[in-house]
Every structure is written in C-alpha cells, then in structure tokens.
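Comments concern the structure below.
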Amino acid sequence: MKQLNDKDIANMIGDDFVPDDISTKKSVRSELHLSTRIPKENTPPPAHTTIDFHNHTEEEAWQMLEHIVTDGTRTATVITGASGILKTKFQQWANDSILSPHIESYHALNNGSFAVKFHKKHD
C-alpha cells in the first residue's frame, strides 16, 4: 500500500494545507478516512458466502450470482424465497446458462434456499 506524502495530501485537500507537525498529518489522514478509501490488494474471496435474492430484480440476482461464481468463492447459500420467479430462475441458471459450467452442484436446503458448490477457479 502506498504511503501518502505531504504532496499527496495537499493535492487531495487543496493548496491551503501546510503540515506543521506529525499530529496534524495524523489528524488529516484520520479525517480523510484513508484506510477505507484505499482498496485492499489481492484480497482472497471468501470460502463461503450467502446471497439473498429477496427485494432484488432478476437482473440484480443474476449479477449477484455471476459475481460469486467468478470471484473464486467455493460454496454459497443462495436464498431465493419459497415462491416466485427467482427460485425458478436460479435453478434454470444453475442447470442451463453460461454460469452452469462453474457450478459443481446444488441442492435445496429448504423450500426457499439452496446450498451451492462451485468448481475451483483456475488462474
């Protein structure tokens, strides 16, 4: 992770910044919440995740599933709800879509959720 220098901080907050001591620098870094703004590098995907399709459109549900299928997650609990289009769509996607080759297996946990196992991602 890149260490910010005085010039970097000045560029972010304007020309009025003149660091006078270490406490000022620390205060500015804290106020900017830099630890949350700098993305973590090479964060491994979780081994297991849960996604819930409730209150999501079909397109949003597809994108959620596509993300975990392609990010290297090994297993997931997919909550579709007991009735509705997303329960049917999930099963169609798992069996016959561009995502199905990535899905090793799935089975119903109950009437509205599935346990899914993905093929290991090869880099």
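Taking 7 Å steps out from each Cα toward its Cβ at T70 and N5 produces label points 3.8 nm apart. Using only side-chain charges placed at the Cβ, +1 for Lys and Arg and -1 for Asp and Glu, the dipole size of the stretch 48-118 relative to its Cα centre rounds to 260 debye. Computed from label points 7 Å out along Cα-Cβ, the spacing between E104 and Q91 is 2.4 nm. Convex hull volume of the Cα atoms of the stretch 81-123, normalised per residue: 65 Å³.
Evaluating kT/(6 pi eta Rh) at 10 °C and 1.306 mPa s, with the Kirkwood radius of the stretch 48-118 over Cα pairs in the Stokes-Einstein relation, gives 135 µm² s⁻¹.
At full extension, I13 and A82 could sit 19.8 nm farther apart than now, given 0.36 nm per residue minus the alpha carbon distance. Projecting the Cα atoms of A76, L109, M64 onto the charge dipole of the stretch 48-118 (Cβ charges, centred on the Cα centre) puts L109 farthest toward the positive pole.
A short reminder: the numbers here are calculations on the coordinates, not readings from a lab. Bear in mind that the values here come from a model prediction, so they are computed numbers and not experimental data. Glycine gets a Cβ as well: all are built from the backbone with ideal geometry, and neighbour counts include every protein chain shown.
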